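A quick write-up on the structure given underneath.
The values are calculated or read from the model by the stated rules, or taken from the named source; none is laboratory data. Bear in mind that the values here come from a model prediction, so they are computed numbers and not experimental data. All Cβ positions, even for glycine, are placed from backbone atoms using ideal geometry, and neighbour counts span all protein chains on display. Protein only, heavy atoms only, side chains kept; ligands, DNA and RNA dropped before computing areas. Shrake-Rupley method; radii C 1.70, N 1.55, O 1.52, S 1.80 Å.
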Amino acid sequence: TVGSTCTATSGSNACASNNAVPGDPGCGGFAAGSADVWYSFTAPTNGIAIIETAAGTLTDASMALYSGSCGSLTLVECDADDGPGAMPAIAHIGLTPGSTYFVRIWGTGTTQGTFTICVRSPTTPVGFSCAWMLELFDAAGNGWGSSSVNVCINGAPATSYTVTETFNILLIGVNIGQTVTVSYTASGPNQGQNSYRIR
């Protein structure tokens with residue numbers, strides 16, 4: 001289930017088989033001996049899904065996101081190391097609301113073990129004429145510490161946003177004609193790893 005926060009589901013690819021179809025997703029060293037397991041979720045109304053994993057006994061996994069249906073899947077994105085440590089994570093926008101998407105997880109090469117997975121999506125603000133999407137990134141995946149992006153709307157006190165792992169996506173409600181001021185507080189370590197964008 002896609003929630004506004006991460007609710008972890010325990011998983012394991014121990015004793016799993018290799019699904020040759022739909023083929024090599026192009027990342028994570030998928031091979032004939034790779035044991036993959038599958039999950040599905042329904043895309044939320046805002047079309048944004050943040051898929052996160054965490055290591056258990058499987059510490060080096062990879063993940064692929066697919067659209068379509070069983071027997072006719074289309075690769076959307078593949079990732080090996082954007083999550084914590086050597087684990088995968090995917091943040092994807094532009095999904096078709098209400099459609100089913102499939103997530104494939106395997107251990108790099110032939111490794112097997114336990115892990116957790118969750119899918120979350122930012123809350124869509126209501127009562128506004130539009131929403132700005134704020135994306136925050138940390139190249140090292142260890143968070144910004146005390147650094148933040150600060151958004152002030154029509155002179156009201158600024159709201160600060162940060163990221164604790166690799167990335168975060170937030171939707172900010174704005175009405176036409178409002179004045180929006182954005183600033184960045186560079187108080188945490190490793191500033192060269194931090195970036196953000198608004199669209």
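Structure data summary
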item: Hz values of 3J(HN,Hα) by residue in region 41-47 - Karplus curve (6.51, -1.76, 1.60), Gly and Pro given as x; result: 8, 9, 5, x, 5, 8, x
item: FRET E, pair Q178, C6, Förster distance 35 Å, beta-carbon r, rounded to 0.05; result: 0.70
item: Heavy-atom accessible surface of region 20-140: percent carbon and sulfur, 1.4 Å; result: 57
item: Distance-filtered residues of region 58-93 - backbone nitrogen under 18 Å, label point 7 angstrom along C15 Cα→Cβ; result: 58
item: Total charge dipole magnitude, the chain, about the Cα centre, Cβ charges on Lys, Arg, Asp, Glu only, Debye to nearest 20; result: 440
item: Among G33, W106, I93 - extreme Cα towards positive end, dipole of region 29-126, charges at beta-carbon; result: I93
item: Region 168-187 versus region 107-122: alpha-carbon centroid distance in Å; result: 32
item: Summed residue charge, Cβ within 12 Å of V103's Cβ, Lys/Arg positive, Asp/Glu negative; result: -3
item: Orphan Cys of the chain, criterion: no other Cys C-beta under 4.7 Å; result: C15, C70, C130, C152
item: Cα point-scatterer Debye curve for the chain, base-10 log of I(q)/I(0) at q = 0.08, 0.13, 0.17 Å⁻¹; result: -0.30, -0.74, -1.13
item: Of A20, A80, L134, farthest towards positive along the dipole that unit charges on Lys, Arg, Asp, Glu beta carbons give the chain; result: L134
